[in-house]
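Heads up, the thing below is written out as structure tokens.
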Amino acid sequence: MPLCPIDYDAPLSEAGDYTPKYYKIQELAAKYQVPVLKWPEQPEETRKLAYPPVSIQQYLTFEDLLNQVPSTAKFQMDYPVNIENLPMNNDCGQSRGYTLYRKVVPFETGATFIVIFSNCNLSIAKTSKQ
């Protein structure tokens, strides 16, 4: 099973399967472990199934979903604020869920707009003239 970005370089895949890194860790641990311990039996990997195709009958756009967010949970800030410091929940911020950050970036004709996303809730926007 191929690794998805969140699994990258992890000893177990998202499905719980062993990766080459798992076996390397096991090999190194056995080599340097004092006293030598007996390893537990390794559970079998789970059987994977493919779901049949699904026909989508209805859907909501991203904007439709955003319009369902109550106005008390929407904030306009002059600068980026991490979720723990959002002015909500008696100034305790947001402890779980999703946060959408938006920024209108004016750029000149002929400029290139690049957005780089990571799985750490970080986005970087750059503009450059061509």
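The values are calculated or read from the model by the stated rules, or taken from the named source; none is laboratory data. Nothing here was measured: the structure is a model prediction, and the numbers come from that model. In this analysis, Cβ positions are derived from the backbone assuming ideal geometry, glycine residues included, and neighbour counts consider all displayed protein chains.
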Filter the stretch 96-108 for residues that are of a type outside the set (Ser, Thr, Tyr) and surrounded by 10 or more Cβ atoms within 10 Å (Cβ to Cβ); the one that is nearest to LYS74 (Cα to Cα) is VAL105
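Conditions tested, residue by residue: (1) surrounded by fewer than 10 Cβ atoms within 10 Å (Cβ to Cβ); (2) in the same structural domain as THR19 (by TED's automatic domain parsing); (3) at pLDDT 85 or above.
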{"position": "LYS48", "(1), (2), (3)": "yes, no, yes"}
{"position": "THR61", "(1), (2), (3)": "yes, no, yes"}
{"position": "LEU65", "(1), (2), (3)": "no, no, yes"}
{"position": "GLN68", "(1), (2), (3)": "yes, no, yes"}
{"position": "VAL81", "(1), (2), (3)": "no, no, no"}
{"position": "ASN85", "(1), (2), (3)": "no, no, yes"}
{"position": "GLN94", "(1), (2), (3)": "no, no, no"}
